[in-house]
Amino acid sequence: MIIRTATIHDLDQIAAVEGICFPPQEAAGRETFRERLQYYGNHFLLLLDGERLIAFVDGFVTDEPDLTDEMYERPEMHNEHGRWQMIFGVNTLPEFRGNGYASLLLREMIRRAGEEKRSGLVLTCKQVRIPFYARLGFRDEGLTDKSVHGGAAWNQMRLMFEERS
């Protein structure tokens with residue numbers, strides 16, 4: 001297994017994995033990923049088994065403290081010097097789930113954000129996923145009114161480096 005950042009050459013695999021992992025109303029499309037890769041490909045962490053993409057985590061950096069729906073559609077909002085690493089997607093192909101791959105990628109994203117002197121990381125998730133992210137150090141901030149992405153209810157979670165022991 002190899003972890004590396006994404007390039008535009010990974011576009012087709014990224015879009016395919018997203019389409020498998022999320023329902024159509026929540027999944028980002030190929031062109032959205034093309035734009036995201038152009039603006040912040042260095043904030044896409046890929047896990048590959050040989051040449052096959054099996055999992056990825058992505059999101060841009062911003063000074064905005066809360067994740068909003070606008071961020072999903074406007075990759076130009078990325079600010080490489082921002083305080084917060086947003087997490088837009090955590091994807092693992094179904095046949096590879098339960099092996100710790102998402103945790104591995106998230107720990108690496110957390111490590112990198114710390115090295116980059118970010119204040120922390122922010123994500124949104126459905127209620128059922130809160131315990132998973134809590135095990136990685138994220139704290140539930142409750143239902144957010146800033147994201148109704150895909151018509152779903154999302155809880156915002158935050159990991160702040162100054163709170164970590």
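If I ask for residues that are surrounded by fewer than 16 Cβ atoms within 10 Å (Cβ to Cβ) and of a type outside the set (A, V, I, L, M), which ones from the stretch 6-21 would you list?
Residues of the stretch 6-21 that are surrounded by fewer than 16 Cβ atoms within 10 Å (Cβ to Cβ), as a first pass: 7-9, 12, 16, 19-20.
Listed by number, the residues that qualify are Thr7, His9, Asp12, Gly19.
For the stretch 42-98, enumerate the residues that are in a strand (DSSP E or B) and either touching a Pro at 6+ places or on another chain (Cβ under 8 Å) or of a type in the set (S, T, N, Q) (or both).
Of everything in the stretch 42-98, those that are in a strand (DSSP E or B) and either touching a Pro at 6+ places or on another chain (Cβ under 8 Å) or of a type in the set (S, T, N, Q) (or both) turn out to be Thr62, Trp84, Gln85, Asn91, Thr92.
Counting just the residues of the stretch 79-94 that are surrounded by 19 or more Cβ atoms within 10 Å (Cβ to Cβ) and over 11 Å from the mean Cα position of the chain (by Cα), which one comes out modelled with the highest pLDDT?
Trp84
Write out, first by first residue and then by second, each pair whose Cβ atoms fall under 8 Å of each other, whose residues are 6+ apart or on separate chains, and whose first residue, in the stretch 3-21, is at pLDDT 95 or above and of a type in the set (Lys, Arg) while the second is buried (at least 16 other Cβ atoms within 10 Å of the Cβ) and part of a strand (DSSP E or B).
Matching pairs, first to second residue: Arg4/Leu45; Arg4/Leu46; Arg4/Leu48.
Let me spell it out: the conditions are (1) without any contact (Cβ under 8 Å) to a residue 60 or more places away in the chain; (2) in a helix (DSSP H, G or I), and Leu105 meets all of them except one. Which number is the exception?
If we test Leu105 against (1) without any contact (Cβ under 8 Å) to a residue 60 or more places away in the chain; (2) in a helix (DSSP H, G or I), just (1) comes out false.
Is it the case that some residue within the stretch 150-158 is crowded, with 17+ Cβ neighbours inside 10 Å, touching a Leu at 6+ places or on another chain (Cβ under 8 Å) and basic (Lys, Arg)?
For the stretch 150-158, residues crowded, with 17+ Cβ neighbours inside 10 Å, touching a Leu at 6+ places or on another chain (Cβ under 8 Å) and basic (Lys, Arg): present.
Check Leu121 against each of (1) within 22 Å of Ala28 (Cα to Cα); (2) at pLDDT below 95; (3) crowded, with 19+ Cβ neighbours inside 10 Å and name the one condition it does not meet.
(2)
The values are calculated or read from the model by the stated rules, or taken from the named source; none is laboratory data. On a predicted model such as this, the values are computed, not experimentally measured, just so you know. Please note: Cβ atoms are built from the backbone with ideal geometry, for glycine as well, and neighbour counts cover all protein chains shown.
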